[in-house]
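Okay, structure first, notes after.
Every number in this text was worked out from the coordinates using simple rules, so none of it is lab data. Predicted, not measured: the structure shown is a model, and the values here were computed from it. Glycine gets a Cβ as well: all are built from the backbone with ideal geometry, and neighbour counts include every protein chain shown.
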């Protein structure tokens, strides 16, 4: 599975007084998309951490084209960019319920061994779940 879609309803607390989603909340939407993508292939952060693996973000790029507003149902499309090595890269598109493209983004996360705090290769059990 290279792409997974997740729906998120914009809550009031995620917006400013004009009902527009605060830009910092998009990072959370991307995280939700990543977590759901991993769940869809049968991998959880909890499982990774139990195996001493963490995935900190090393880069994030977000382009805002149009504002999401309070009450919108957003669709976050999360796509694995390429086969993971010591890092994993995703691209994202966020659309509103009218199908309008609101945001595009890219993230790169590093596989880190929690015991040594050094980079590591993507665990084989994750690679085994990928269709690429």
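For segment 66-79, the criterion of being more than 18 Å from residue 9 (Cβ to Cβ) and in contact with a helix residue (DSSP H, G or I) (Cβ under 8 Å, 6 or more places away or on another chain) is satisfied by no residue at all. Residue-level check: of (1) touching a strand residue (DSSP E or B) at 6+ places or on another chain (Cβ under 7 Å); (2) over 16 Å from residue 31 (Cβ atoms); (3) surrounded by 17 or more Cβ atoms within 10 Å (Cβ to Cβ), residue 70 misses just (3).
Search segment 87-132 for residues being without any contact (Cβ under 8 Å) to a residue 24 or more places away in the chain and part of a strand (DSSP E or B), and hand back the single one that is farthest from residue 53 (Cα to Cα). Residue satisfying both the conditions and the ranking: 95.
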